[in-house]
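The values are calculated or read from the model by the stated rules, or taken from the named source; none is laboratory data. These numbers were taken from a predicted model, which means no experiment stands behind them. Cβ atoms come from the backbone with ideal geometry, glycine included; neighbour counts cover every protein chain shown. Each accessible area value is taken on the protein alone, full model and side chains, heavy atoms only, with ligands, DNA and RNA left out. Shrake-Rupley method; radii C 1.70, N 1.55, O 1.52, S 1.80 Å.
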Amino acid sequence: MRRTGLTAVLALLLAVFGLAPSASAADPAPAGLTFATDSATTTPGGTVQLSMTLTNNKTYDVLFVYQTIEPTWLTTQRPDLKYSFTGCTLATATGSTPCAGTGPSNLGSNYGATVPPGQSRTVTLTLQVAADSGCNGNIGFYSYYYAEFSDATNTSAGPVFTPETRVLCA
């Protein structure tokens, strides 16, 4: 009886002081990064638009973003594949605006932080495949990102992989 009473008192104290575990649904990821391409294939001399969307799932503003984009290991193993990022735009409510840079590192400044809660920002990079590039290879990238919020928290994630683009011979 004493053990039951002691357990009940301890449980009551923990609940009163907020130390008891609470049942709650898992929070969504504080910031999500997704990728899309406008085409799954291209040919030498062609372009592909690689869009990256950062979504703020928190109830606080995203104040700062740092992001890198690097080729996957398989992409680096094909020295005949030649490509570069030649353009960058940020989608805004009033249309597209040029980005601060085209990477491969510190793409975060392109998102135009501050990103309010529940909103997204999309940055689109133009991937140019060289006219003399090899064919029948996949071009893929991965990204790490870091986001800081106005509540003094942060999130870091990666690798996040882009869809692969297949370079076909024409």
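Estimate the FRET efficiency between Y144 and T53 by the formula 1/(1 + (r/R0)^6), using the beta-carbon distance for r and 22 Å for R0, to the nearest 0.05.
Values: r = 16 Å, r/R0 = 0.73.
E between Y144 and T53, to the nearest 0.05, is 0.85.
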## Note on the structure
Diffing segment 57-72: the Karplus 3J(HN,Hα) column from phi (6.51, -1.76, 1.60, θ = phi - 60°), in whole Hz with x for Gly and Pro, holds 8, 8, 9, 10, 5, 7, 9, 8, 9, 10, 9, 10, 9, 10, x, 5
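Calculate, for segment 21-170, the solvent-accessible area per residue in square angstrom, rolling a 1.4 angstrom probe over the heavy atoms of the protein chains. Write down the numbers at each step before the final one.
Working: 7600 Å² over 150 residues.
Result: 51 Å² of accessible area for each residue.
Calculate what fraction, in whole %, of the accessible area of segment 99-170 sits on carbon and sulfur atoms when a 1.4 Å probe is rolled over the protein chains. Spell out each step's value before the answer.
Working: 1500 of 3160 Å².
Answer for segment 99-170: carbon and sulfur cover 48 percent of the accessible area.
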## Note on the structure
Applying the gyration tensor rule to the Cα atoms of segment 99-170 (axes a ≥ b ≥ c; rounded if a/c under 1.5, else prolate if a/b exceeds b/c, else oblate), the class is prolate
### Query
For segment 32-76, what percent of Cα pairs sit more than 12 Å apart?
75 percent
### Query
Can you work out ³J(HN,Hα) from phi for every residue in segment 90-96, in order, using Karplus 6.51 cos²θ - 1.76 cosθ + 1.60 and θ = phi - 60°, giving whole Hz and x for Gly and Pro?
10, 6, 10, 5, 9, x, 8
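Expected output is a single nm value to one decimal: the length gained when fully extending between T72 and T153, i.e. 0.36 nm times separation in residues minus the C-alpha distance. What is it? Can you show the working numbers first?
Values: separation 81, 0.36 × 81 = 29.16 nm, distance 2.96 nm.
This chain segment gains 26.2 nm when fully extended.
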### Task
With 5 Å bins from zero, work out the P(r) of segment 22-170 over every alpha carbon pair and list the percent per bin.
2, 10, 19, 21, 17, 13, 9, 6, 3, 1, 0, 0, 0
### Message
Net charge around A40, counting only other residues with Cβ within less than 14 Å of its Cβ (Lys, Arg = +1; Asp, Glu = -1)?
### Response
-1
### Query
In whole Hz, what ³J(HN,Hα) sequence does segment 130-144 give by Karplus (6.51, -1.76, 1.60; θ = phi - 60°), x for Gly and Pro?
5, 4, 9, 6, x, 10, 6, x, 9, 10, x, 9, 10, 9, 10
